[in-house]
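Okay, structure first, notes after.
The values are calculated or read from the model by the stated rules, or taken from the named source; none is laboratory data. If you're wondering where the values come from, they're calculated on a predicted model, not measured in any experiment. Quick reminder, even Gly has a Cβ in these numbers, built from the backbone with ideal geometry, and neighbours come from all protein chains shown. Only protein heavy atoms, including side chains, enter the accessible area calculation; ligands, DNA and RNA are left aside. Shrake-Rupley method; radii C 1.70, N 1.55, O 1.52, S 1.80 Å.
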Amino acid sequence: MSISNAASSSKPFGALAEYMKPPQHIGMQSLDRESFDREVPVLAIAVESSKVGKIRPHPALRGQVLDLPKVKPIIDASDGEKGVKWIRLHVTSEHDLPDETNEFIRNETLGLRKESVKLGYDNWNTSEILSAVLPTTKSDDIPSSFTSTGHIAHMNLREEWLPFRHLIGQVILDKNPGLRTVVNKLDTIHAQYRYFDMEVIAGDKDYITTLNESNCTFTFDFSLVYWNSRLHHEHERLIESFKPNSLIADVMAGVGPFAVPAAKRGGYVLGNDLNPESVKWMKVNQEKNHVQNNLRISEKDGSAFIQEVALEVWKNPFKATIPHSAIRKNKRDERKKRELKASNESGDTNSIGNVVKNITDKLGLTTLSKQIEPEKDSSSNLPEPPKIIQHFIMNLPDSALTFLGSYNNCFTPLLKEINFKEKYGINGENLKDEQMPLIHVYCFTKEMELEKAKIDILKRASDNLSFELNESSPGYHLHHVRSVAPNKDMYCLTFRLPKQVAFKPLE
C-alpha cells in the first residue's frame, strides 16, 4: 500500500496563521519532540453548559470555531466558572470576527474569554514536521511518502536527504501507529535474485512481515525476497483473467503473489523460483492458505523450468481437488443444516427454525429445512485438471524478455509420449492454436509514448523468441502496469505461444 502524508492536517486561519505552523528547526538531525511545543492564544465564547447544543451550530459561528486535530473545540471553563463551557475560536482578537458573530456573542452568550491552546509534536502531520526541520533544497519536495508492506514502511530517499534519514524514519514511525519498522532501500540490488539491500532507519530490525492480498495471507522476509505492494491491482487483474480449473505455470513466482491466489481460486499452479528464500516462503504461504493440492513448488532457473514443465505436468498431472474455500463453505452450510434440524426437533417455539416453520406453514410454503437437500459428494463431479499448460507468468520485468528463447521446443519432448501422440497427433497437429498457452511477460521500457513502447517491446520480445510478434499475433495484448520512474514504464505483454516455437525440432 502506498501512503502519502503530503496533505496538511489543518488550515491556518486569520491572525493565527503563523501559530498554526510548527516551530522551525531547520537542520535538525536528531528528533526532539519537545521542541515543537507552543502555546497559541485564542478567544473562547463562554456559554452555559445547557445551551452549548443550541449555540455551537448557530450560523453566526460557522467557520469561526477552532478546528485542529487532537484539540478539543469545547472545554470546561478554565477560570472556575461552574456550569459553563468554553467554545474555542480561531482568532486572537474580537476585531478578527465578523460583525454578525460579535453581535451574536454579545446577545446570546456570556461573552468572550482569553484562552491558550497548547500544541505540540502530535498536532502536526508528517509533512508539516519534516517541512519544519529539513533544509530547502533544489528538489523542494518533502520525503513523506512511503510504501507499506505489513508492518514495514520502505522509502527511496535521495542522497540529499540521507543525513536526515533517521529523523525522517522516526517521524514516519511516530505518525503511523500500524508500522514497526522503517527501511530505506539502497541502490544495490542482488544481481541473481533481484531483491534490494536496505537499511533500517527507525524502529525494530524485523524484516519478517505478514500481510493480506487477494484474499490470501503472505509471510516473508522482506530483506531477502522481492515484493512490491504497488502491484496488488496488477496481481488481481491477471488472476481474474484465469478461468476456473486453469493450469498455470509461474516461472518467477517469488513468494507467490500470483501463484497462491490463483491456486486458492481453484486453479492448478506450478510455482517456480530460483531464490531459495522465495521458495521457502512460498511453501509457508502455500500451507497458510491451504493450497497444497493446487500448488506445486520448484526451485529452478527460469529457462530450465520453461523447458521441462510441460513434460513434467503431462506425465504427472494434478488430481481434481475442491478448493479450500469451497470446502469451508460446504462445512458452514452443513453446520447450518444441522443447527436448523436440531432446532426443529427440539420443539422450541422461539427457535429460528420453528419461527420460520410457523410462518411458512401459515403461508402454505415449504420450510427452509425441506428445501435444503443433502449435498452430494461433489468431488466425483469435478472436471479433470488440464494436462496442457494454459498460462505462463513471467514477472521479472528487468530481464523476463530474455527468457523467451527458452520456449523454443519446450513442447517437443511431448512428442515422445505415446498418449500425447494418440490424442494430438505425432507432430501435435491436432492441438489447436487456441489450446496453446498464453504467455504473460512483464518488462520495462524507456519509451513513454504507447506506440513507441509497443514497437520497442514487440521487437525485443520477437528477437528473444526468434519469432516475429506483432499486434495481430494471436492473444496479443499490451497492458500498461505502472510508471516506475520519470523515464521508465512497466508493461505486461501477453501473446499465445506459437506452435512453430513450442514444437520446434530439437537440434
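Applying the criterion of being under 19 Å from ASP433 (Cα atoms) and not basic (Lys, Arg) to the residues of segment 381-392, the residue that is most open to solvent (accessible area, probe 1.4 Å) is GLN390. State the number of residues belonging to segment 148-172 that are out of contact with any Ser or Thr (no Cβ under 8 Å at 6 or more places or on another chain), open to solvent by less than 30 Å² (accessible area, probe 1.4 Å) and under 14 Å from ASP204 (Cβ atoms). Selection size over segment 148-172: 1. The residue pairs whose first member lies in segment 92-120 and is at positive phi, whose second member is surrounded by 12 or more Cβ atoms within 10 Å (Cβ to Cβ) and assigned to a strand (DSSP E or B), and whose beta carbons are closer than 6 Å, counting only pairs six or more residues apart or on different chains, are GLY111/ALA46. Within segment 267-289, being in contact with a helix residue (DSSP H, G or I) (Cβ under 9 Å, 6 or more places away or on another chain), open to solvent by less than 10 Å² (accessible area, probe 1.4 Å) and assigned to a helix (DSSP H, G or I) holds for MET282, ASN285. Taking the criterion of being open to solvent by less than 10 Å² (accessible area, probe 1.4 Å), assigned to a helix (DSSP H, G or I) and not β-branched (Val, Ile, Thr), the residues of segment 247-266 that qualify are ALA259, PRO261, ALA262, ALA263. The set of residues from segment 103-128 being over 50 Å from the mean Cα position of the chain (by Cα) and surrounded by fewer than 17 Cβ atoms within 10 Å (Cβ to Cβ) comprises GLU103, ARG106, ASN107, GLU108, LEU110, GLY111. Taken over segment 98-153, the criterion of being touching a strand residue (DSSP E or B) at 6+ places or on another chain (Cβ under 7 Å) and aromatic (Phe, Trp, Tyr) is satisfied by PHE146 alone.
Inclusion of ILE75 among residues that are in contact with a strand residue (DSSP E or B) (Cβ under 6 Å, 6 or more places away or on another chain) and over 25 Å from PRO23 (Cβ atoms) is not warranted.
Restricting attention to segment 398-414, the residues being open to solvent by 20 Å² or more (accessible area, probe 1.4 Å) and within 12 Å of TYR442 (Cβ to Cβ) number 3. Considering only residues that are over 19 Å from LYS114 (Cα atoms) and open to solvent by less than 50 Å² (accessible area, probe 1.4 Å), look in segment 50-71 and name the one that is modelled with the highest pLDDT. This residue is ALA60. The number of residues in segment 403-448 being farther than 19 Å from HIS479 by Cα, touching a residue at least 12 places away in the same chain (Cβ under 8 Å) and not in a loop (DSSP other than H, G, I, E, B) comes to 12.
Output the number of residues of segment 477-507 satisfying the condition of being closer than 30 Å to LYS416 by Cα and not in a strand (DSSP E or B). Even if it seems obvious, please write down each step before you answer.
To start, the set of residues in segment 477-507 that are closer than 30 Å to LYS416 by Cα comprises 494-507.
From what is left, the residues that are not in a strand (DSSP E or B) are 497-507.
Summing the residues that are closer than 30 Å to LYS416 by Cα and not in a strand (DSSP E or B) in segment 477-507 gives 11.
Taking HIS477, is it surrounded by fewer than 19 Cβ atoms within 10 Å (Cβ to Cβ) and either under 35 Å from the mean Cα position of the chain (by Cα) or touching a residue at least 12 places away in the same chain (Cβ under 8 Å) (or both)? If you could, list the steps in order and put the result at the bottom.
Numbers: surrounded by fewer than 19 Cβ atoms within 10 Å (Cβ to Cβ): yes; either under 35 Å from the mean Cα position of the chain (by Cα) or touching a residue at least 12 places away in the same chain (Cβ under 8 Å) (or both): yes.
Yes.
The single condition from (1) within 20 Å of ALA249 (Cα to Cα); (2) open to solvent by 80 Å² or more (accessible area, probe 1.4 Å); (3) touching a strand residue (DSSP E or B) at 6+ places or on another chain (Cβ under 9 Å) that ARG496 fails is (2).
Taken over segment 233-242, the criterion of being out of contact with any His (no Cβ under 7 Å at 6 or more places or on another chain) and either open to solvent by less than 20 Å² (accessible area, probe 1.4 Å) or touching a residue at least 60 places away in the same chain (Cβ under 8 Å) (or both) is satisfied by GLU234, HIS235, ARG237, ILE239. Any chance segment 72-82 includes a residue that's open to solvent by less than 40 Å² (accessible area, probe 1.4 Å) and at pLDDT 90 or above? Checked against the condition, which is being open to solvent by less than 40 Å² (accessible area, probe 1.4 Å) and at pLDDT 90 or above, segment 72-82 yields at least one hit.
Pull up segment 456-488, narrow it to residues that are in contact with a Leu (Cβ under 8 Å, 6 or more places away or on another chain) and among the charged types (D, E, K, R), then point me to the one that is nearest to VAL441 (Cα to Cα). Going through the qualifying residues, I end up with ARG460.
Looking for something part of a helix (DSSP H, G or I), at pLDDT below 95 and open to solvent by 30 Å² or more (accessible area, probe 1.4 Å) - is there at least one such residue anywhere in segment 213-230?
Filtering segment 213-230 down to residues part of a helix (DSSP H, G or I) leaves 229-230.
Still in the running and at pLDDT below 95: 229-230.
Those still in the list that are open to solvent by 30 Å² or more (accessible area, probe 1.4 Å) too: 230.
Within segment 213-230, one or more residues are part of a helix (DSSP H, G or I), at pLDDT below 95 and open to solvent by 30 Å² or more (accessible area, probe 1.4 Å).
Any residue in segment 41-48 that is closer than 22 Å to GLU108 by Cα, part of a loop (DSSP other than H, G, I, E, B) and open to solvent by 60 Å² or more (accessible area, probe 1.4 Å)?
Initial filter on segment 41-48 (closer than 22 Å to GLU108 by Cα): 42-48.
Checking which are part of a loop (DSSP other than H, G, I, E, B) leaves us with none.
Among the residues of segment 41-48, not one is closer than 22 Å to GLU108 by Cα, part of a loop (DSSP other than H, G, I, E, B) and open to solvent by 60 Å² or more (accessible area, probe 1.4 Å), which makes the answer no.
What are the residues in segment 83-93 that are at pLDDT 90 or above and not aromatic (Phe, Trp, Tyr), if any? Spell out the reasoning first.
As a first pass, look at segment 83-93 and keep what is at pLDDT 90 or above: 83-89.
Those that are at pLDDT 90 or above and not aromatic (Phe, Trp, Tyr): GLY83, VAL84, LYS85, ILE87, ARG88, LEU89.
A single member of VAL251, VAL269, VAL182 is of a type outside the set (Gly, Ala, Ser) and touching a Phe, Trp or Tyr at 6+ places or on another chain (Cβ under 7 Å), and it is VAL251.
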